[in-house]
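The values are calculated or read from the model by the stated rules, or taken from the named source; none is laboratory data. Because the structure is predicted, anything quoted here is derived from the model rather than measured. Cβ placement follows ideal geometry from the backbone for every residue including glycine, while neighbour counts extend to all protein chains displayed. Please note that ligands, DNA and RNA were not included when accessible areas were found on the heavy atoms of the full protein model with its side chains. Shrake-Rupley method; radii C 1.70, N 1.55, O 1.52, S 1.80 Å.
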Amino acid sequence: MTQMPRPRSPLQARVGEVTQRIMERSRGPRARYLDRIDAAAAAGPKRQGLGCANQAHGFAACGPADKAMLRSGHGANLAIVTAYNDMLSAHQPYETYPEMIRAAAREAGGVAQVAGGVPAMCDGVTQGEDGMELSLFSREVIALSTAVALSHQTFDSSVYLGICDKIVPGLVIGALAFGHLPAVFIPAGPMTSGLPNDEKSKIRQLFAEGKVNRDALLESEAAAYHGPGTCTFYGTANTNQMMMEIMGLHLPGASFVNPNTPLRDALTTAAAKRAMEITALGNAYTPLGRMLDEKAFVNSIIGLHATGGSTNHTLHLVAMAAAAGIKLTWDDFSDLAEVVPLLTRVYPNGKADVNHFHAAGGMAVVIGELLDAGLLHPDVATVNGEGLDSYTREPVLGHDGHLTWRDGAGTSADETVLRGAADPFAPTGGLKMLAGNIGRAIIKTSAIKAERHAIEAPVRIFHTQEELQSAFRAGELTSDMIAVVRFQGPKANGMPELHKLMPPLGVLQDRGLKVALVTDGRLSGASGKVPAAIHVTPEAAEGGDIAKLRDGDMLRVDAVSGRLDVLVDAAEWAARPLATADLTPSHFGTGRELFAPFRAAVGPADGGASIFAAL
């Protein structure tokens, strides 16, 4: 039975104001971007204009039917850009997707080819290791690899197989360089629930204290990360999936369906067919570059706040928008956070995982609630057609195996996990911008108890996370402190996630100490209960004032007032010299020497920490 329409509020004033100012500041670069993709669309796919040898190379390895289709020039050619590897659990299911997509393309009267592959780092494997210093830069490599894949100029549309942290943002940036092509993102879904995430976190803290051995820790980790699919906590990977759905790049309800299920396979087939339907050859042409406009990016920020999503997207969304000629700032994030309620409690913001969230109503409820509250732009283009209303529906398989969509639940089935906008977990979003006399930073408040939203304590300086861990193991950290871990920014060493700081800092906090972290590095999207001012910019390696801090300085991290200040006499502060650090160990080994040009070119955190100048 179709639900009766619910009353819908007009667009919230702040959302409209922020959207309008983004449009105004982006007017020039956005217009130039649209001119470029319009020119590319007018030129059309070049496969029929290529030399005979060029064309023959393009279909040489195809089967007879596909070869005949490509030779004749009839039907669309669908590019598959894949981030498959079988080490990364979230991407392992993609192994079988290309054949499903090829079959769907043939049913739709066209051809699909794997245009290229992109790298896909597992941050879970590289956490605390040298490889983590390549993690953020892998986003740029993925964007470049996507461009190489599509540079053959023989495609009418594209699908993207990617889920995890830097992979989706990199794919979007690369795809936007070919914004005249339609693009559908195809997820693989989360692994089924294993050891609860809060239990895993407790074992990590016990291990940090020396109360359990490595065997117990490994058993816990293996029970949490136990099968194909995305990790079940609400970190960057699952925030990516929320973001792709609320921006209209997934089919409705596709984000959190488990891998290797009939529904998952049916959604993959449907996504490929939809990519074939929205090419310039038909009547529903939906080029990516026009679809991802200012309203779509504002919707993504609203979704980020409403779900308590990953801090990494304060970098990624800025870089993604720039690739479409749109200028986002941290002020946009901060101003929108003030009017967006927190609707979910998914670990690390609660005990539930993303499977519980999906069962409670998932994205259909979130999008419906935000639309009804006037917090989302409903009038946007999506791969499913005009408007976001279809994203309040959910996919189901009938008894005959036929995929259809029905009205979503409308209201939450579990209000400990998911709530409506009229009765949220918190009145404002889960991310806050900080500013003060050492720079600007981001803090995630949705997982922090209210009494810890403001911390004032003496500084303890560290230049690596290993230094802090060593001090913890030596029993040196016995009083209130704000740990400052600097020279971890993009120019210093690629801006690694410093997730291994969380267990020792969590132990200190549980012992009753006032503890916080300030860093120009990043944290995992799964980082939770310890107050952390991250992405400090300007970074220490660029002469930022974070390099002036000394042991014993009184520092205040205040997420209530949005301030980050050292409590030092202004004249003394101005005269202080900047500390330096030998960064040579971070510039060689594990391939890091190859990324010297990236470190030289990368911009600041509040500009997306990107190597690409404004396009």
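Is it the case, given these coordinates, that residue 460 is touching a residue at least 60 places away in the same chain (Cβ under 8 Å), closer than 23 Å to residue 493 by Cα and open to solvent by 30 Å² or more (accessible area, probe 1.4 Å)?
Values: touching a residue at least 60 places away in the same chain (Cβ under 8 Å): yes; closer than 23 Å to residue 493 by Cα: yes; open to solvent by 30 Å² or more (accessible area, probe 1.4 Å): yes.
It is true that residue 460 is touching a residue at least 60 places away in the same chain (Cβ under 8 Å), closer than 23 Å to residue 493 by Cα and open to solvent by 30 Å² or more (accessible area, probe 1.4 Å).
Apart from one condition, residue 447 fits all of (1) open to solvent by 30 Å² or more (accessible area, probe 1.4 Å); (2) part of a loop (DSSP other than H, G, I, E, B); the exception is (1).
Taking residue 117, is it open to solvent by 10 Å² or more (accessible area, probe 1.4 Å), at pLDDT 95 or above and within 28 Å of residue 77 (Cβ to Cβ)? Answer is yes for this residue. In the stretch 325-337, the residues that are farther than 12 Å from residue 431 by Cβ reach residues that are polar (S, T, N, Q) with C-beta atoms within less than 9 angstrom, at least six apart or across chains, in these pairs: 325/26; 326/26; 327/26; 328/26.
Given the options 536, 530, name the one that is at pLDDT below 95 and under 25 Å from the mean Cα position of the chain (by Cα).
Details: 536 fails: at pLDDT below 95.
That would be 530, the only listed residue that is at pLDDT below 95 and under 25 Å from the mean Cα position of the chain (by Cα).
Contact map, the stretch 400-429: residues that are in contact (Cβ under 8 Å) with a residue 40 or more places away in the chain and crowded, with 16+ Cβ neighbours inside 10 Å paired with residues that are assigned to a strand (DSSP E or B) and acidic (Asp, Glu), Cβ distance under 7 Å, separation 6+ or inter-chain. Pairs shown: 405/394; 408/394. Among all residue pairs at least 6 apart or on different chains, which show Cβ distances below 8 Å where the first residue, located in the stretch 241-270, is among the acidic types (Asp, Glu) and the second is in a helix (DSSP H, G or I)? The qualifying pairs are 245/363; 245/367; 245/391; 265/100.
Examine the stretch 264-285 for a residue that is outside any helix (DSSP H, G or I) and at positive phi, and state whether such a residue exists. The answer is no, given that none of the residues of the stretch 264-285 is outside any helix (DSSP H, G or I) and at positive phi.
List the strands (runs of 3 or more DSSP E) inside the stretch 500-603, counting only whole elements, that have at least 2 residues being surrounded by fewer than 20 Cβ atoms within 10 Å (Cβ to Cβ) and in contact (Cβ under 8 Å) with a residue 24 or more places away in the chain. Steps first, answer last, please.
Working: elements: 515-519, 532-537, 554-558, 563-566.
Hits in the stretch 500-603: 554-558, 563-566.
Yes/no per residue for (1) closer than 12 Å to residue 155 by Cα; (2) crowded, with 23+ Cβ neighbours inside 10 Å; (3) of a type in the set (Val, Ile, Thr):
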site: 75; (1), (2), (3): yes, no, no
site: 78; (1), (2), (3): yes, yes, no
site: 83; (1), (2), (3): no, yes, no
site: 87; (1), (2), (3): no, no, no
site: 93; (1), (2), (3): no, yes, no
site: 96; (1), (2), (3): no, no, yes
site: 103; (1), (2), (3): no, no, no
site: 109; (1), (2), (3): no, no, no
site: 112; (1), (2), (3): yes, yes, no
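Candidates are the residues of the stretch 463-499 that are part of a helix (DSSP H, G or I), open to solvent by less than 10 Å² (accessible area, probe 1.4 Å) and out of contact with any Pro (no Cβ under 8 Å at 6 or more places or on another chain); the one that is nearest to residue 517 (Cα to Cα) is 471.
Tell me the residue from 308, 282, 289 that is under 23 Å from residue 78 (Cα atoms) and at pLDDT below 95, please.
Details: 308 fails: under 23 Å from residue 78 (Cα atoms); 289 fails: at pLDDT below 95.
So the residue among 308, 282, 289 that is under 23 Å from residue 78 (Cα atoms) and at pLDDT below 95 is 282.
Filtered by the rule that a residue be touching a Phe, Trp or Tyr at 6+ places or on another chain (Cβ under 7 Å) and farther than 22 Å from residue 33 by Cβ, the stretch 163-185 gives no residues.
Annotation: of all residues in the stretch 129-164 being under 20 Å from residue 187 (Cβ atoms) and of a type in the set (A, V, I, L, M, F, W, C), the one that is farthest from the chain's Cα centre (by Cα) is 149. Of the residues making up the stretch 1-51, just one is open to solvent by 90 Å² or more (accessible area, probe 1.4 Å) and in contact with a Leu (Cβ under 8 Å, 6 or more places away or on another chain), namely 8.
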